[in-house]
Every structure is written in structure tokens, then in C-alpha cells.
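Asks: One structure, pasted below without further comment.
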Amino acid sequence: MEIYLDNSATTRCFDQVAEVVKRTMLKDYGNPSSMHRKGMEAEQYLREARSVIAGNLKVQEKEIFFTSGGTESDNLAIIGAARANQRAGKHLITTRIEHPAVLNTMKYLEEEGFTVTYLPVDRDGIVQLSELEAALTEETILVSVMYVNNEIGSVQPIEEISRIVKAHNPKTLLHVDAVQAYGKYRIHPKRQGIDLLAFSGHKIHGPKGIGVLYVNEKARILPINYGGGQQKGMRSGTDNVPGIAGIAQAVKEIYTDFDTHVDRLYELKAAFVGGVTKLEHVWVNGRTGRDSAPHVVSVSFPGIRSEVLLHALEDKGIYVSAGSACASNKPAVSETLKAIGLPKEGLDSTLRFSFSVFTTEEEIDACLQALYELVPMLRRYRRG
């Protein structure tokens with residue numbers, strides 16, 4: 001039996017998504033920029049996708065832009081906003097536990113002359129609002145805070161963050177990387193005070209290679225790539241019709257029976273946390289209740305290197321992660337785990353287990369049984 005518990009890295013497509021992607025590749029394959037009927041058929045997929053996603057977010061269709069994924073959406077939001085607003089100031093704020101798509105973009109902007117403040121987090125991976133308030137200056141033009149952390153599942157108080165930022169300066173933009181949050185929470189940017197919101201298809205059972213960026217119509221950002229002027233010149237390049245149609249279908253599916261899906265994820269998470277913490281000298285990083293993301297559990301197994309346990313589980317057909325699969329396949333110490341003050345013995349012994357709507361109770365039980373067998377054995381082997 002194959003048990004896939006690495007859904008924070010990517011998810012299996014919904015069958016309905018695969019069907020619409022296939023249709024746009026084999027039947028309705030026109031270029032939406034073409035003026036003939038085949039092009040207009042393709043353009044209709046774009047119109048419907050904008051309508052579906054804008055309706056879900058409760059924003060305007062003209063505020064929705066399609067990209068190649070969460071990384072490009074974050075890059076466009078951060079670089080585009082920084083360059084467009086640098087006359088007002090060159091100070092940016094983010095956190096120490098952001099995804100590399102944000103942290104490495106901030107490092108790039110530092111090389112361009114911007115100043116970046118990296119906010120610390122507490123042991124649960126939550127930003128301290130007093131630290132944010134203290135960091136804001138007259139030069140601050142952008143604050144970037146992820147909604148859900150991809151490694152430990154911490155959930156940031158986005159609305160409170162927005163209130164603090166906007167009270168200090170209504171023109172300061174708030175960018176939110178919602179790649180791990182979208183599909184797990186109902187997100188309404190205008191009500192929550194979010195100016196720029198990024199998410200991607202392959203985290204919500206849609207295709208890889210497609211992302212969305214919401215840009216509030218009042219927010220000033222500049223494009224970061226240039227070409228044929230598609231998407232009102234904000235993101236040039238031939239529109240990825242299969243990806244766009246696929247992500248729209250995924251949005252429809254993931255938000256159908258939404259509360260039932262989320263409740264079930266929390267039940268699976270509770271069962272897994274309750275089971276894994278029965279193991280001696282094992283701990284879960286971050287919060288585990290409804291004040292955490294429903295689908296992510298970070299567990300430290302001191303005495304066993306994470307890669308060793310990962311491959312031991314793989315040998316049993318169980319797939320998990322040793323961290324963010326988006327960073328690379330090269331082992332590195334997690335910035336998130338360092339930021340929450342994880343002791344040294346936990347830094348190289350942590351695995352991430354992440355669930356989806358396809359995960360079953362039987363799979364959770366089978367994974368726990370495998371851990372009950374492997375963890376004591378691997379510890380004895382290391383001591384020997």
C-alpha cells in the first residue's frame with residue numbers, strides 16, 4: 001500500500017481537474033490571444049477562471065493575475081511593489097520563517113538598496129505584534145507575512161497584522177503568501193486588509209506550474225517581466241490555459257463541502273499527534289489544535305537523522321518530507337526550526353507529515369504503526 005503524507009509539497013490532482021486540463025490540451029487548445037474562434041474558446045476558460053477565483057476571494061476579476069506558481073506570485077508582488085513605491089521609502093518588513101520565495105526575494109532587494117527587517121517569532125512560530133509595531137517606520141512601504149507556515153503549520157494573525165500596519169500608514173502594502181493556507185481557510189483579502197495575496201494550484205489538487213496573485217486595484221506594483229502585454233501588461237507571456245482552467249476547477253472542488261473537509265483534516269491531525277507523541281522522547285513542533293493549520297504536523301525524533309527515518313518510511317511505501325520540498329532536494333538546516341528555537345538535537349531529526357482530502361484514517365494508523373516499529377529500532381542501531 002502506498003501512503004502519501006507529503007501534501008504540503010504537492011497534492012494529487014482531483015479527477016475533475018485532470019479532465020479539464022486534458023480537454024484544454026487536446027480539444028480547446030487555441031491561444032487565447034488569437035482572434036479566431038479557437039482563440040476565443042480558449043479565452044473563455046480564462047474569463048471563467050477569473051470569475052471563479054474572484055468570486056471565491058470576493059474581489060474584482062480585474063484584480064486577479066495568473067502566474068507560473070507561488071514563487072512567481074511572491075516575486076511579482078514583492079519586487080513589483082518595492083520598485084513601484086520606492087520614492088515613498090525603501091524599508092520592507094518580513095519574518096524569519098517565510099518561504100524561500102519570499103526570503104530570497106528580500107535578500108535580492110537588499111542588494112538593490114532596500115532595507116529589510118526580519119521579525120522574530122515565538123516558539124510556536126507566531127509573529128509578535130509588538131515587534132511588528134516597533135519595526136514600522138515612515139520609510140516602510142511593504143510588509144510580507146505568510147498566512148500558514150509550510151513546515152510547522154503556524155497560523156499568523158493576519159487581520160491584526162493588517163490593522164497595525166494600516167494604523168501606522170494606510171499606504172503601506174501588506175503581502176500575504178497564502179500558498180499553504182488557500183483551500184484550508186476562507187480568505188477574503190478586502191475584509192482582512194490584504195493588498196497582495198499569492199497562492200498556487202498544486203497545493204489544492206490542481207496542476208503544477210500555475211499560480212494566482214491578487215492585487216488590490218489601489219495597490220501600485222510594476223511588472224517584472226515584459227513581452228506581449230498579456231494580463232494588462234502585468235504578466236506578459238502566453239497564457240497557460242490548461243493550468244488556469246485546472247486551478248479554477250480545483251478551487252471549485254476544494255471549496256465544495258469545505259467545512260466537512262477541514263473538520264476531517266483536524267480529526268486526522270489530532271489522531272496522528274495523539275499517536276506519535278506516545279513514542280518516547282518525541283515531540284511535535286508548534287501548535288496542534290484549531291489554532292494551527294489543519295494539514296501540517298512537524299515532529300522531531302531526536303537520535304535519528306531525518307533522512308534516515310524518511311527513507312525507512314519510504315521503504316514501507318510511506319512518503320513524508322524532511323522540510324520544505326520547495327527549497328531544493330539538498331539537505332539544509334531549516335530556518336523555521338532555528339527561528340522557533342528548536343534545540344540542536346531536533347534540527348536534523350525533524351519530519352513533516354501533511355494530509356489532504358484523500359488521506360484516510362487507515363493511512364494514519366499504518367503510518368503510526370510503522371513509526372512505532374522503526375523509531376526504537378533506528379535508535380538502537382545508532383547506539384550500537
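Asks: With both bridge residues required to lie in the range 51-208, what share of the DSSP beta bridges run antiparallel, to the nearest 5%? Could you put the intermediate results ahead of the total?
Replies: On the way: 2 of 17 bridges.
Around 10 percent of the beta bridges assigned by DSSP in the range 51-208 are antiparallel ones.
Asks: Starting from the range 1-68, pick out the trypsin sites (Lys or Arg not before Pro) whose DSSP state is loop and whose Cβ has at most 10 other Cβ atoms within 10 Å. Don't skip to the end; give the middle numbers.
Replies: Numbers: sites: Arg12, Lys22, Arg23, Lys27, Arg37, Lys38, Arg47, Arg50, Lys58, Lys62; in loops: Arg12, Lys27, Lys58.
Within the range 1-68, the qualifying trypsin sites (Lys or Arg not before Pro) (loop, at most 10 other Cβ atoms within 10 Å) are Lys27.
Asks: For the chain, give the percent of accessible area contributed by carbon and sulfur heavy atoms, probe 1.4 Å, rounded to a whole number.
Replies: On the way: 8460 of 16830 Å².
Whole-percent figure for carbon plus sulfur exposure: 50.
Asks: How do Phe358, Phe14 stack up against each other in accessible area, from largest to smallest, with a 1.4 angstrom probe? Working shown, then result.
Replies: Working: Phe358 70, Phe14 25 Å².
Ranked from most to least accessible, the order is Phe358, Phe14.
Asks: Could you derive backbone 3J(HN,Hα) for the range 25-39 from the dihedral phi with the Karplus parameters 6.51, -1.76 and 1.60 (θ = phi - 60°), listing whole Hz in sequence and x where the residue is Gly or Pro?
Replies: 8, 10, 10, 9, 9, x, 8, x, 7, 6, 8, 7, 4, 4, x
Asks: Hey, another quick one. By how many nm would the segment from Gln60 to Ala332 lengthen if fully extended, with 0.36 nm per residue of separation less the alpha-carbon distance?
Replies: Details: separation 272, 0.36 × 272 = 97.92 nm, distance 4.07 nm.
Taking Gln60 through Ala332 to full extension adds about 93.8 nm, to one decimal.
Asks: Shifting gears a bit: Using the beta-carbon distance between Lys171 and Phe258 and R0 = 30 Å, what value does 1/(1 + (r/R0)^6) give for FRET efficiency, to the nearest 0.05?
Replies: 0.30
Asks: Restrict the search to the range 236-310; then list the GluC sites (Glu not before Pro) that DSSP places in a loop and that have at most 13 other Cβ atoms within 10 Å of their Cβ.
Replies: Working: sites: Glu253, Glu267, Glu280, Glu307; in loops: Glu280.
Listed in order of number, the matching sites are Glu280.
Asks: Hey, another quick one. Under 5 Å between amide H atoms, partner at least 5 residues away or on a different chain: which partners does Ser34 have, H built in plane at 1.01 Å?
Replies: Sorted by chain and number, the residues that satisfy this come to none at all.
Asks: With respect to the cross-link table entries Lys58/Lys171; Lys208/Lys252; Lys184/Lys278; Lys22/Lys208; Lys184/Lys316; Lys62/Lys190, which display a Cα-Cα separation exceeding 24 Å? Before the final figure, lay out the partial values.
Replies: Working: Lys58/Lys171 21 Å; Lys208/Lys252 17 Å; Lys184/Lys278 27 Å; Lys22/Lys208 14 Å; Lys184/Lys316 29 Å; Lys62/Lys190 14 Å.
The pairs that break the limit, which is 24 Å between Cα atoms, are Lys184/Lys278; Lys184/Lys316.
Asks: Show the residues, 5+ positions off or on another chain, whose built amide H is closer than 5 Å to the amide H of Thr117.
Replies: The list, which skips near neighbours in sequence, is Leu92, Ile93, Thr94.
Asks: Another question, then. Please give, to one decimal in nm, the separation of the simple spin-label points placed at Leu129 and Arg191, each 7 Å out from Cα toward the Cβ.
Replies: 1.9
Asks: Right, something else. When ligands, DNA and RNA are left out and all protein chains stay put, how many square angstrom of accessible area per residue does the range 166-289 have with a 1.4 Å probe? Kindly include the intermediate steps, with their values, before the conclusion.
Replies: On the way: 4930 Å² over 124 residues.
Ligands and nucleic acids excluded, the result is 40 Å² per residue.
Asks: Any idea how far apart Asp28 and Asn104 come out in nm if each label point goes 7 Å out from Cα toward Cβ?
Replies: Once both label points are built, they end up 3.5 nm from each other.
Asks: Rounded to the nearest 500, what is the 222 nm mean residue ellipticity of the chain from helices alone, with -39500 (n - 2.57) per DSSP H run of 4+ residues and division by all residues?
Replies: Values: 13 runs with 157 residues, N = 384.
Here the helix-only value at 222 nm equals -12500 deg cm²/dmol.
Asks: With angles folded into 0 to 90 degrees, how steeply does helix 70-85 sit against the dominant principal axis of the chain? Use alpha carbons for both and round to 10.
Replies: 50
Asks: Now a separate question. Per residue of the range 235-242, what does 6.51 cos²θ - 1.76 cosθ + 1.60 with θ = phi - 60° give for ³J(HN,Hα)? Whole Hz please, x for Gly and Pro, Karplus curve as stated.
Replies: 8, 5, x, 4, 5, 7, 4, x
Asks: Could you tell me the distance between the Cα centroids of the range 159-238 and the range 59-75, to the nearest Å?
Replies: Centre-to-centre (Cα) distance: 6 Å.
Asks: Based on DSSP, what percent of beta bridges with both residues in the chain are antiparallel, to the nearest 5?
Replies: Working: 21 of 39 bridges.
Expressed as a percentage, antiparallel bridges in the chain total about 55.
Asks: Given a Förster radius of 35 Å and the C-beta distance between Lys232 and Glu159 as r, what FRET efficiency does 1/(1 + (r/R0)^6) yield to the nearest 0.05?
Replies: Working: r = 29 Å, r/R0 = 0.83.
Working from the Cβ atoms, E equals 0.75.
Asks: Could you work out, for the range 1-125, what percent of all Cα-Cα pairs fall into each 5 Å distance bin, beginning at 0 Å and stopping at the bin that holds the largest distance?
Replies: 2, 8, 11, 14, 15, 15, 13, 11, 8, 4, 1, 0
The values are calculated or read from the model by the stated rules, or taken from the named source; none is laboratory data. These numbers were taken from a predicted model, which means no experiment stands behind them. Positions of Cβ are generated from backbone atoms using ideal geometry, with glycine treated the same way; all protein chains shown enter the neighbour counts. Accessible surface is based on the protein model in full, side chains and every heavy atom, while ligands, DNA and RNA are left aside. Shrake-Rupley method; radii C 1.70, N 1.55, O 1.52, S 1.80 Å.
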